[in-house]
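Presented below is the structure to which this report refers.
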Amino acid sequence: MRFALINDKPTEAMPGLVDAVCPGCGASVIAKCGTQKIHHWAHKNMRMCDSWWETETEWHRAWKNKFPFEWQEIFLPDEQTGEKHIADIQTKYGLVIEFQHSFINPAERISREEFYKNMVWVVDGTRLSRDFPRFVKGGKFGSIELKPGIIKVDFADDYFPRNWLKGSVPVVFDFLGIDDPANADYTRKTLYCLFPSHDDFEAVFAKISRRVFIRTVLNGEWSERVTAFMDEMEQEYIEKQKQRQRNLQQPIYYRRNRFVYPAKIYRKKWRR
Ligand SMILES: [Zn+2]
């Protein structure tokens with residue numbers, strides 16, 4: 001954890017600080033200020049009280065720093081399990097951002113999406129060396145630009161890691177990691193927001209600059225924009241389904257000799 005309470009005040013871990021407690025469970029925590037891991041607070045006599053918590057990296061902290069302190073590490077009670085879960089960021093508009101560096105199994109991922117609901121994942125696309133090359137290579141298979149910056153591809157797994165497909169909330173891929181955007185090319189420094197999809201194969205994603213992502217989260221526009229876009233996609237999907245249904249109901253015509261018969265009559269007449 002980045003913050004613990006000392007005299008009720010959120011405080012960052014520093015050598016020599018004592019009498020700190022976890023803001024979630026109230027247990028004693030101690031400052032860990034070694035050289036291997038980023039400075040943090042750890043529970044003294046037990047494991048971290050949130051079972052979903054992952055060890056933080058420099059990448060987590062760099063992202064959290066883009067947002068106000070009051071939005072960081074927000075403890076949210078889970079009524080079903082009695083646990084509390086720590087949202088990396090919860091904005092004052094209610095959006096949760098989870099920064100995910102390590103592998104997460106799909107079952108846990110789904111429970112987290114169901115718990116937070118109004119959320120977006122930001123995934124460290126630099127942890128596995130194959131993720132960025134896969135994404136770049138994917139771009140060579142052809143794609144359709146639905147509107148500026150919005151791309152539809154036939155096979156999502158040509159672009160993105162499989163364990164991040166088929167979610168119920170948007171997933172933003174960060175292929176830059178902790179490198180300086182000033183030294184990176186456009187493809188690497190852009191963020192890619194993968195939207196949830198009904199389709200088993202196809203995917204739609206948006207190219208977003210870091211600046212726009214951070215700005216729209218800060219001013220609350222992110223959820224509105226994403227919801228509007230996802231509603232639009234949902235509407236299109238429903239229309240497509242209806243069209244498919246109508247096509248199935250349309251009578252099929254068969255030709256025999258000089259006559260064209262509707263399928264039903266054709267079968268009666270010729271296929272008894
Ligand atoms: Zn705790």
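The values are calculated or read from the model by the stated rules, or taken from the named source; none is laboratory data. Keep in mind that this is a model prediction, so the values were computed, not measured. Cβ placement follows ideal geometry from the backbone for every residue including glycine, while neighbour counts extend to all protein chains displayed. For accessibility, only protein heavy atoms count, side chains too; no ligands or nucleic acids. Shrake-Rupley method; radii C 1.70, N 1.55, O 1.52, S 1.80 Å.
Within region 174-183, identify whether any single residue is part of a strand (DSSP E or B), at pLDDT below 95 and touching a Lys or Arg at 6+ places or on another chain (Cβ under 9 Å), and answer yes or no. Checked region 174-183: no residue is part of a strand (DSSP E or B), at pLDDT below 95 and touching a Lys or Arg at 6+ places or on another chain (Cβ under 9 Å). Among the candidates Glu79, Glu70, the residue that is acidic (Asp, Glu), at negative phi and part of a helix (DSSP H, G or I) is uniquely Glu70. Scanning region 184-200 for residues that are over 18 Å from Val136 (Cα atoms) and surrounded by fewer than 16 Cβ atoms within 10 Å (Cβ to Cβ) turns up His198, Asp199, Asp200.
Could you please give the count of residues in region 115-147 that are touching a strand residue (DSSP E or B) at 6+ places or on another chain (Cβ under 9 Å), outside any strand (DSSP E or B) and either open to solvent by 90 Å² or more (accessible area, probe 1.4 Å) or among the acidic types (Asp, Glu) (or both)? Result for region 115-147: 3.
Within region 190-230, the set of residues being touching a strand residue (DSSP E or B) at 6+ places or on another chain (Cβ under 9 Å) and assigned to a helix (DSSP H, G or I) comprises Arg210, Val212, Phe213, Thr216, Val217, Trp222, Ser223, Val226, Phe229.
Only a single criterion out of (1) closer than 19 Å to Val120 by Cβ; (2) open to solvent by less than 30 Å² (accessible area, probe 1.4 Å); (3) within 15 Å of the ligand (Cβ to nearest atom); (4) not aliphatic (A, V, I, L, M) is not satisfied by Gln72, namely (3).
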